[in-house]
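FYI, it's all coordinate maths here, none of it is from the lab. All values derive from a computational prediction rather than experimental measurement. A quick note on method: Cβ atoms are made from the backbone with ideal geometry, for glycine too, and the neighbour counts reach across all protein chains shown.
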Amino acid sequence: MELRWDPILREWIIVSGERGRRPLLPEGFCPFCPGSEEVPASGWTVLSIPNRFPSLRADPPLPNVKSDKLYRHRPSKGVCEVVIYTPKHDATLADLSIENIRAIIDLWADRFEDLGKKEYVKYVFIFENKGRIIGVTLDHPHGQIYAFPFIPPLIKRELESSKRYWRRNGQCLFCEIIEKERDDAVRVICENEDFVCFLPFFARWPYGVHIYPKRHLGALIDLTSNEKNSFASILKQILRKFDNLFNMSFPYMMVLHQRPTDNKPYPYYHFHVEFYPPYREKSKIKYFASVETGAGTVTFDYTPEIKAKELRESPET
Ligand code: ZN
Ligand code: ZN
Ligand code: FE
């Protein structure tokens, strides 16, 4: 188990030999249900627990491959946690009450702060993989947190472009995008007092919506209590739209993009949520195939305006 440096793409790869040998769980057993080994039988609505098969660890083993100037490695130091959204095994985030979703947001904020304080944690990445089609093996509603010892490459790119924009224009790149999307209106799906959800002009996934706070801020912990409620409410709104449009429990990857936790200032960054749902139509999967994976260029087979309209018109109840 170690981090290996890719000298061509100049990024870290998380190598964990042990994780590939994760045991298959017996049918009908859920490690996230109340009363199982790591989960108290009662007295909680949301819970974070250590990931039993972490790819980053606070006490990583020393790498047991050789390194040299070309092939560098370093210990997989970090933290992997699981966030259990509810004691209810059969629910999904979309089914939960606003109060329950608010409790998840509070826990996310707590974990961001707590993990971010660790000297070796440079970035706290909060996310959810949902659905068997994404490779999730446990149905119990849950998300995950990776506390990285480095700033991951996509975040780095966002930081670089927003820093450049800030320097050249004296404005937040994301605030400008929000304003532009609200003006254009055709790609906006829903909004409330504090948050807006749209499929950007430059969307990468057919249903790859973004959610932004309207106020310029860099992390969950900067949200007021009212804003956290607005966040819970818009999350539920878009998730219901997904489920209703497809008439199924809609699978997705959902990630929170917050500022790094390396104690440097990031005044130009703006917190947001991104979704990457694997569907492009009912029972049609969007593959990141050769052009996306091998060239890094996305092909979008519809228009974001049409996909946004579908979601806008999809019921929320
Ligand atoms: Zn369960
Ligand atoms: Zn902003
Ligand atoms: Fe982002």
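Values as computed for the structure displayed
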| item | result |
| --- | --- |
| Protection-proxy order for peptides 208-216, 54-62, each taking the mean of Cβ atoms within 10 Å per residue, highest first | 208-216, 54-62 |
| The range 206-317 - convex hull of the alpha-carbon atoms, volume per residue in Å³ | 136 |
| Relative contact order, percent, the range 139-212 [alpha-carbon distance under 8 Å, six or more residues apart] | 15 |
| Spherically averaged projected area of the range 228-286 from its Cα convex hull (nm²) | 5.5 |
| Cut-off under 5 Å, modelled amide H: who pairs with TYR279 long-range | LYS286 |
| Relative contact order (percent, whole number), the range 2-313, Cα cutoff 8 Å, 6+ residue spacing | 18 |
| Peptides 219-230, 64-75 ordered by average Cβ neighbours within 10 Å, highest first | 219-230, 64-75 |
| In Hz, Karplus ³J(HN,Hα) per residue of the range 308-317 (6.51, -1.76, 1.60; θ = phi - 60°; x = Gly, Pro) | 5, 4, 3, 5, 4, 7, 6, x, 9, 9 |
| Phi-based couplings in Hz for the range 31-44 (Karplus 6.51, -1.76, 1.60; Gly and Pro marked x) | x, 9, 7, x, x, 7, 2, 9, 10, x, 5, 7, x, 8 |
| Least to most buried among ILE126, ILE155 (fewest other Cβ within 10 Å first) | ILE155, ILE126 |
| Estimated vicinal HN-Hα couplings, Hz - the range 140-155 in sequence order (Karplus 6.51, -1.76, 1.60; Gly, Pro = x) | 3, x, 7, x, 9, 9, 10, 9, 8, x, 8, 8, x, x, 5, 5 |
| Charge-dipole axis of the range 2-313 as Lys and Arg at +1 and Asp and Glu at -1 on Cβ define it, positive-most pick from ALA219, ASN263, ASN192 | ASN263 |
| Signed unit charges on C-beta, dipole axis of the chain, positive-most listed residue LEU245, TYR287, PHE112 | TYR287 |
| Global form of the range 21-144, assessed from the alpha-carbon gyration tensor, a/c cut-off 1.5 | prolate |
| Long-range HN-HN contacts of VAL209 with modeled amide H, under 5 Å | PHE275 |
| Stokes-Einstein D in µm²/s, Kirkwood radius over Cα pairs - the chain at 37 °C with 0.692 mPa s viscosity | 157 |
| For the range 296-317 and the range 84-119, distance of Cα centres in Å | 27 |
| D (Stokes-Einstein, µm²/s), Kirkwood Cα radius, the range 142-209, 1.306 mPa s at 10 °C | 112 |
| Check: the range 2-313 dipole with +1 on Lys, Arg Cβ and -1 on Asp, Glu Cβ, in debye | 1020 |
| Protection proxy ranking, peptides 269-277, 8-16, 146-154, average beta carbon neighbours within 10 Å, highest first | 269-277, 146-154, 8-16 |
| The range 83-193 - percent relative contact order, Cα under 8 Å, separation 6 or more | 25 |
| Per the chain, cysteines lacking a partner by the 4.7 Å Cβ criterion | CYS80, CYS190, CYS197 |
| Long-range HN-HN contacts of ARG57 with modeled amide H, under 5 Å | LYS77, GLY78 |
| Theoretical gain in end-to-end length, LYS163 to LEU62 [0.36 nm per residue, Cα-Cα removed] | 32.8 nm |
